[in-house]
Amino acid sequence: MADRERVIAYRVAAHQFDRTTTEASALRVFDLGLQDSERSAVPALAARLDRVPDLDAFTLTWSVRGAPHWHRADEVPALAARLWPLSDADAVARMNRPPIDNGLEVLHDVATALREVVTEPMTKGEASSRLTPRVQPAVTGWCRGCDATHVFDPIFRLAVLPAGLRFDPAEKTVTFVPLENRHDVPDASHGFGALIADYLRLHGPAGPSEVAHYFGAPVREVKDVWPDDLVALSKREWLPADRIEAFENPPEPEVVRLLPPLDPYLNARDRDLLVPDKAHQKEVWRILGRRGALLVDGEIMGTWQAKTTGSRLDVKVSPFVPLDVDMFTEEATHLATARGLDEAKLH
């Protein structure tokens, strides 16, 4: 097994927290997509860039695990086939539905119908209402919150990218826009091996279990398509060959950062490695009332929360051990600037 200190040093470097990268498109986090749930994208970029740009050059859509992610625009058309389920069992697992025999066919039918429905900008509500009568009743159900019958949300989310749809980020209500020159709905998975390699470049060394958990796929299916050209560091850990030298000689992880909830660094699936203490894990990965993480020289040393007061960002830090909280002053100010605020205050 690779020693923890080396793995942490490698990952901090792989995530480019040193801010030597100047162009957002050159960040490795976009290889997998940058999640933007609960406004997590801007602070994640602030942790990696001196200046956070507008994301106009990127495309926002539901992709990995059905969550909203920003992707490089030119990579989105091929991404649908890369993320297409590997088998019927994989499709059912990602749809989070009771076992059915034809998961791929069901997802293909829903995506095809959604593609036919959304031919111009359209809100999610309108698209959903038009989609429901076009699909089999087995994939729909009554929603108390919407007071309507519609396609189950996990299935709907998985169908959006294969249907060739993106979001209009300027709209407050989820609004779909057809991609230019959008591809047909995939008939099979193509290129999932490249996503495995991308995961390992960012979150490695790791194995099929971590990759499967990240994408929401069954471990057995991921093992079946595990690339042959990866370098095995142990029976459970692999890296792409082009990252071996970087892993053998990683720089010291001497950075202090405020990582937001759902930051890509925290989305690695081996949480015991990132935060060995179980009680601390419960604080970092809270289900309700998510908190960010204090990253100090490679170690998660506590959590933080922020709220906006007028034009000021108030940041409350909660270290796991005694820390000089003033070390986060510069980061708090940097985050405030990225969010368009005038100043920051630590508490």
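So here's what we get for this one:
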{"read-out": "Cα radius of gyration and Dmax for the range 1-97 (Å)", "value": "15.6, 44"}
{"read-out": "Residues L165, L323, L104 arranged by fewest to most Cβ contacts within 10 Å", "value": "L323, L104, L165"}
{"read-out": "Inter-centroid distance (Cα atoms) of the range 265-312 relative to the range 28-58, Å", "value": "18 Å"}
{"read-out": "Sequence of L179, L313 once ranked by neighbouring C-beta atoms within 10 Å, starting from the fewest", "value": "L179, L313"}
{"read-out": "Relative contact order, percent, the chain [alpha-carbon distance under 8 Å, six or more residues apart]", "value": "18 percent"}
{"read-out": "Computed Rg/Rh of the range 202-315, alpha carbon atoms with Kirkwood Rh", "value": "1.04"}
{"read-out": "Sequence-distant residues sharing a close amide H with L346 (under 5 Å, placed H)", "value": "V315"}
{"read-out": "Highest-MSF residue in the chain out of V321, V211, V174 [GNM, Cα springs under 10 Å]", "value": "V321"}
{"read-out": "The chain: most fluctuating residue of R312, R157, R257 per GNM, C-alpha cutoff 10 Å", "value": "R312"}
{"read-out": "Selected from L233, G66, L32, residue furthest toward positive end of dipole (the chain; charges at beta carbon)", "value": "G66"}
{"read-out": "Compactness of the chain, expressed as Rg and Dmax over alpha-carbon positions, Å", "value": "20.7, 59"}
{"read-out": "Neighbour cut-off at most 13 other Cβ (10 Å), DSSP loop, GluC sites (Glu not before Pro), the range 33-112", "value": "none"}
{"read-out": "Evaluated at q = 0.15, 0.16, 0.20, 0.25 Å⁻¹: base-10 log I(q)/I(0), Debye formula over Cα of the range 79-176", "value": "-0.57, -0.65, -1.00, -1.42"}
{"read-out": "Choice from N102, N267, N181 with maximal GNM fluctuation in the chain (Cα, 10 Å cutoff)", "value": "N181"}
{"read-out": "Estimated [θ] at 222 nm from DSSP helical runs (n ≥ 4, -39500 (n - 2.57)) normalised by residues in the chain, nearest 500", "value": "-9500 deg cm²/dmol"}
{"read-out": "Packing-based exposure ordering (other Cβ within 10 Å, fewest first) of I287, I196", "value": "I287, I196"}
{"read-out": "The range 1-128: relative contact order as a whole-number percent, Cα under 8 Å and 6+ apart", "value": "16 percent"}
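Values in this text are rule-based calculations from the coordinates and carry no lab data. Please read all numbers here as calculations on a predicted model, not as lab measurements. Note that each Cβ is placed from the backbone with ideal geometry, even for glycine, and that neighbours are counted across all protein chains shown.
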